[in-house]
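Novice: Can you read through this structure? Questions will come right after.
The values are calculated or read from the model by the stated rules, or taken from the named source; none is laboratory data. Treat the numbers as computed from the prediction; the structure is a model and nothing was measured. Using ideal geometry, Cβ is built from the backbone for each residue, glycine included, and neighbour counts are taken over all protein chains shown.
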Amino acid sequence: MRTVRMLAIGTLMHVKQISRSPFELAIALVVPVVQATLAVYLFRSGGEEHRLLEAAVGAGVMGVWSSVLFGSGGAIQTQRWMGTLEMIMLAPRRPVLVILPITIATGLTGIYALLATLLWGRFLYGIKLDFAHPVAFVVAAVVCVVALGMFGLLLASTFVLMRNANALANTLEYPVWLVSGMLLPITVLPAWTSPIAAALPTTWGARALREATSGGPVWPSVGICLGVSLLCLVLGGLALTHVERRARAAATLALA
Amino acid sequence: MGRSDHAIEAVDLRRTYRARTGWLRPTRTEVEAVRGVTFTVGRGELFGLLGPNGAGKTTTIKLLNTLLIPTSGTARVCGFDVEKDTREVRRRIGYVFGGDRGLYDRLSALDNLRYFAELYGVAPREQKRRIAELLDLVGLAGRERERVEGYSRGMRQRLHIARGLLHGPDVLFLDEPSIGVDPVAARELRRTVADLAATGTTVLLTTHYMAEADELCDRIAVIADGQIQALGTPSELRRRADGRRVVEVEAYGVPESAVDALRGLPGVRETAVEARGALQLLTVHSDAHVDVQGDVLRELSGIRLGRVNSREPTLEDAYVAIVSAA
């Protein structure tokens, strides 16, 4: 119970810390809206007017992914700059319990992007928020955010070790958008990308949200998304224990 | 794990930093930051670690508080091995470092303390009382709901201390806690540290300020070049400068050649030059029975001078003597 309380308070504090940064808020709101605008024009020119809500949702999920990716990498790096990484890693807790609230918080603050793209679509382009399964959409959104947070934990385990974590984060943003089919169907991608897509929780989260938006079997995707992300949690937890020790050996918890 | 008489035991601690730069032709560099440090700190003792920048003070503290793994050697805190019993050690220690960093700036002091209280396993029903107590102790009561980004450096430092004490640690590591803090705040900080030691908390303090070490510490280890050069009570260390006399000269624009010439004077043991804005403070250590003041002033003829002072050596002089001999 005390562990759950610690995770909840830790997540809340990191959500507060991230949400009070005007820069991070601007990035979370503006970039997904620009991407959604591009997507709408692409869908329109392709004669797929009926899929505009999918464009808004897809761009929002891209925003959640960016938030988790840069949040997990950036937050670790920011904490290193702030000198807090050493302080939190010094806590007498398993490293996974220390880092998980940060990555879940980055997923939660990614919700701002999803809300921004939906509101933008509604008020600027008159896109009706006519979800095929509204309740399933909310559940899928929550699962997607938590799942991405757990995936972020796996990423964070490498970021703890790397002093230049942002460099890795930059290279991962676009490929995961593409491979996960956040905007384009993964069927149009080369066949060799399919196994990669299947292993990513982003693929199943995006798929669940798309199915909840335009119709389809939502729950299997939600279930697989949750399963893959739990696997990420276990792997991330194991990796973090190993990585924390290596970071202490390599002296990468601090800047210098 | 048996209860040890010592709160801290370090035996032949060594730490080498290895770095690699470049991809095509990588260059590997190695820096031996700590080279065989051995000492013990008794329970409830206030122990000082003094040394110049880059001497290995922070690395030693980080080896003891589990943030770094020793390259070789062993260390125990409260009887627990810092490498093998990491979590047991962490439960019993607090770590406070000087400067602006180490806090969540966009959170209030209260939120910072609540978060760290959770992380450090303070029981939920004790948290409110403990946080209020500590805010009172460090003089931040009434300001706890303000965001830390609006705090002065002194306030941040006090918040650091409150954070370090949340879980009532047996051993507190203070790494240059008074760096950049104004004199009044530094005095309050020294009082807080002394009170902690008086109530039985073992404190390992690193500092640049001799007066601070002299006032607070039961024993001091002088570290330079990654090795302990001297260890003893402040009065024992002061005796290292026995048989010496110190001449201090304020000067403007002293060339290196003049300083070299001073070193060659008969009876002179060491010289040091400290820049203080436009002014340079020359410190000349000599044998007590040799009056070098006249010779020093002769060597500096033609150079604009300020105050000239001849005095008995202090702890700081002893420190300079120890570090210079390293």
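Novice: Among the residues of segment A:208-222, write down those that are surrounded by fewer than 24 Cβ atoms within 10 Å (Cβ to Cβ) and of a type outside the set (Phe, Trp, Tyr). Walk me through it before giving the result.
Specialist: Our first condition is that a residue be surrounded by fewer than 24 Cβ atoms within 10 Å (Cβ to Cβ); within segment A:208-222, this holds for A:211, A:214-220.
Selection gives A:GLU211, A:SER214, A:GLY215, A:GLY216, A:PRO217, A:VAL218, A:PRO220.
Novice: B:ILE131 fails exactly one of the following numbered conditions: (1) in a helix (DSSP H, G or I); (2) of a type in the set (A, V, I, L, M, F, W, C); (3) under 19 Å from the mean Cα position of the chain (by Cα). What is the number of that condition?
Specialist: (3)
For (1) under 30 Å from B:THR58 (Cβ atoms); (2) within 14 Å of another protein chain (Cβ to nearest Cβ); (3) in a helix (DSSP H, G or I), each residue gets a yes or a no:
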residue: A:THR11; (1), (2), (3): no, yes, yes
residue: A:HIS14; (1), (2), (3): yes, yes, yes
residue: A:VAL34; (1), (2), (3): no, no, yes
residue: A:THR37; (1), (2), (3): no, no, yes
residue: A:GLU54; (1), (2), (3): no, no, yes
residue: A:VAL61; (1), (2), (3): no, no, yes
residue: A:SER67; (1), (2), (3): no, no, yes
residue: A:SER72; (1), (2), (3): yes, no, yes
residue: A:ARG93; (1), (2), (3): yes, yes, no
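Novice: Which count do you get for residues in segment B:90-100 that are more than 7 Å from chain A (Cβ to nearest Cβ) and either buried (at least 18 other Cβ atoms within 10 Å of the Cβ) or within 13 Å of B:ALA162 (Cα to Cα) (or both)? Walk me through how you get there before you give the answer.
Specialist: The first filter runs over segment B:90-100 and keeps only residues more than 7 Å from chain A (Cβ to nearest Cβ), leaving B:92-94, B:96-100.
From the residues that got through so far, the ones that are either buried (at least 18 other Cβ atoms within 10 Å of the Cβ) or within 13 Å of B:ALA162 (Cα to Cα) (or both) too are B:92-94, B:96-98.
Qualifying residue count, segment B:90-100: 6.
Novice: Follow-up. Filter the strands (runs of 3 or more DSSP E) completely within segment B:150-269 down to those with at least 3 residues that are free of Cβ contacts under 8 Å to residues at least 24 places away in the same chain and under 29 Å from B:GLY121 (Cβ atoms). Talk me through it step by step, then tell me what you get.
Specialist: Numbers: elements: B:171-175, B:202-207, B:219-224, B:227-232, B:244-252.
Where strands (runs of 3 or more DSSP E) fall fully within segment B:150-269, none carries at least 3 residues being free of Cβ contacts under 8 Å to residues at least 24 places away in the same chain and under 29 Å from B:GLY121 (Cβ atoms).
Novice: Follow-up question, since we're still on this one. Would it be correct to say that B:LEU103 is facing chain A (nearest Cβ under 9 Å), touching a Leu at 6+ places or on another chain (Cβ under 7 Å) and without any contact (Cβ under 8 Å) to a residue 40 or more places away in the chain?
Specialist: For B:LEU103, the condition - facing chain A (nearest Cβ under 9 Å), touching a Leu at 6+ places or on another chain (Cβ under 7 Å) and without any contact (Cβ under 8 Å) to a residue 40 or more places away in the chain - is not met.
Novice: From (1) acidic (Asp, Glu); (2) within 14 Å of another protein chain (Cβ to nearest Cβ); (3) within 22 Å of B:ALA186 (Cα to Cα); (4) surrounded by 15 or more Cβ atoms within 10 Å (Cβ to Cβ), pick out the condition that doesn't hold for B:GLU144.
Specialist: B:GLU144 satisfies all of (1) acidic (Asp, Glu); (2) within 14 Å of another protein chain (Cβ to nearest Cβ); (3) within 22 Å of B:ALA186 (Cα to Cα); (4) surrounded by 15 or more Cβ atoms within 10 Å (Cβ to Cβ) except (2).
Novice: When you scan segment B:10-28, how many residues do you find that are within 13 Å of another protein chain (Cβ to nearest Cβ) and of a type in the set (S, T, N, Q)?
Specialist: The number of residues fulfilling the criteria is 2.
Novice: Quick one: B:ARG87 ticks every box in (1) surrounded by fewer than 19 Cβ atoms within 10 Å (Cβ to Cβ); (2) without any contact (Cβ under 8 Å) to a residue 60 or more places away in the chain; (3) under 14 Å from the mean Cα position of the chain (by Cα) except a single one, so which number is it?
Specialist: Evaluating B:ARG87 over (1) surrounded by fewer than 19 Cβ atoms within 10 Å (Cβ to Cβ); (2) without any contact (Cβ under 8 Å) to a residue 60 or more places away in the chain; (3) under 14 Å from the mean Cα position of the chain (by Cα) leaves (3) as the failure.
Novice: Given the structure, is A:MET87 closer than 28 Å to B:PHE116 by Cβ, touching an Asp or Glu at 6+ places or on another chain (Cβ under 8 Å) and not charged (D, E, K, R)? Before the answer, list the steps.
Specialist: Numbers: closer than 28 Å to B:PHE116 by Cβ: yes; touching an Asp or Glu at 6+ places or on another chain (Cβ under 8 Å): no; not charged (D, E, K, R): yes.
Spelling it out, it is not the case that A:MET87 is closer than 28 Å to B:PHE116 by Cβ, touching an Asp or Glu at 6+ places or on another chain (Cβ under 8 Å) and not charged (D, E, K, R).
Novice: So, one more: Could you list all residues from segment B:182-200 that are surrounded by 21 or more Cβ atoms within 10 Å (Cβ to Cβ) and either modelled with pLDDT of 85 or more or not assigned by TED's automatic domain parsing to the domain that holds B:GLY42 (or both)?
Specialist: So the first thing to find is which residues in segment B:182-200 are surrounded by 21 or more Cβ atoms within 10 Å (Cβ to Cβ), and the list is B:189, B:193, B:196.
B:VAL193, B:LEU196 - these are the residues of segment B:182-200 that are surrounded by 21 or more Cβ atoms within 10 Å (Cβ to Cβ) and either modelled with pLDDT of 85 or more or not assigned by TED's automatic domain parsing to the domain that holds B:GLY42 (or both).
Novice: Any residue at all in segment B:67-74 that is within 12 Å of another protein chain (Cβ to nearest Cβ), at pLDDT 90 or above and under 23 Å from B:ARG158 (Cβ atoms)? Can you show your working first?
Specialist: Just the residues of segment B:67-74 that are within 12 Å of another protein chain (Cβ to nearest Cβ), to begin with: B:67-71.
Checking which are at pLDDT 90 or above leaves us with B:67-71.
Add one more test, that the residue is under 23 Å from B:ARG158 (Cβ atoms), and what stays is B:67.
Yes, that holds for at least one residue.
A quick yes/no check of all residues on (1) β-branched (Val, Ile, Thr); (2) assigned by TED's automatic domain parsing to the domain that holds B:ILE223; (3) surrounded by 21 or more Cβ atoms within 10 Å (Cβ to Cβ); (4) touching a residue at least 60 places away in the same chain (Cβ under 8 Å):
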site: B:LEU13; (1), (2), (3), (4): no, yes, yes, yes
site: B:ARG20; (1), (2), (3), (4): no, yes, no, no
site: B:TRP23; (1), (2), (3), (4): no, yes, no, no
site: B:GLY36; (1), (2), (3), (4): no, yes, no, yes
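Novice: Keeping to segment B:106-131, report how many residues are away from chain A (no Cβ under 14 Å) and either surrounded by 15 or more Cβ atoms within 10 Å (Cβ to Cβ) or touching an Asp or Glu at 6+ places or on another chain (Cβ under 9 Å) (or both). Reasoning before the result, please.
Specialist: At the first step, the residues of segment B:106-131 found to be away from chain A (no Cβ under 14 Å) are B:129-130.
Add one more test, that the residue is either surrounded by 15 or more Cβ atoms within 10 Å (Cβ to Cβ) or touching an Asp or Glu at 6+ places or on another chain (Cβ under 9 Å) (or both), and what stays is B:130.
Number of matching residues: 1.
Novice: Where residues in segment A:18-28 are without any contact (Cβ under 8 Å) to a residue 60 or more places away in the chain and part of a helix (DSSP H, G or I), which of them is surrounded by the most Cβ atoms within 10 Å (Cβ to Cβ)? Can you show your working first?
Specialist: So in segment A:18-28, the residues without any contact (Cβ under 8 Å) to a residue 60 or more places away in the chain come out as A:20-23, A:26-27.
After this cut, where a residue has to be part of a helix (DSSP H, G or I) as well, the list is A:22-23, A:26-27.
Details: A:PRO22: 7, A:PHE23: 7, A:ALA26: 10, A:ILE27: 18.
Looking at the filtered set, the residue picked out is A:ILE27.
Novice: Checking the conditions here, which among B:THR314, B:THR283 is surrounded by fewer than 19 Cβ atoms within 10 Å (Cβ to Cβ), in contact with a helix residue (DSSP H, G or I) (Cβ under 8 Å, 6 or more places away or on another chain) and free of Cβ contacts under 8 Å to residues at least 40 places away in the same chain?
Specialist: Details: B:THR314 fails: free of Cβ contacts under 8 Å to residues at least 40 places away in the same chain.
Among B:THR314, B:THR283, only B:THR283 is surrounded by fewer than 19 Cβ atoms within 10 Å (Cβ to Cβ), in contact with a helix residue (DSSP H, G or I) (Cβ under 8 Å, 6 or more places away or on another chain) and free of Cβ contacts under 8 Å to residues at least 40 places away in the same chain.
Novice: Follow-up question, since we're still on this one. Are any residues in segment A:74-91 surrounded by 21 or more Cβ atoms within 10 Å (Cβ to Cβ), over 22 Å from the mean Cα position of the chain (by Cα) and more than 7 Å from every other protein chain (Cβ to nearest Cβ), and if so, which ones?
Specialist: Across segment A:74-91, the qualifying residue is only A:MET89.
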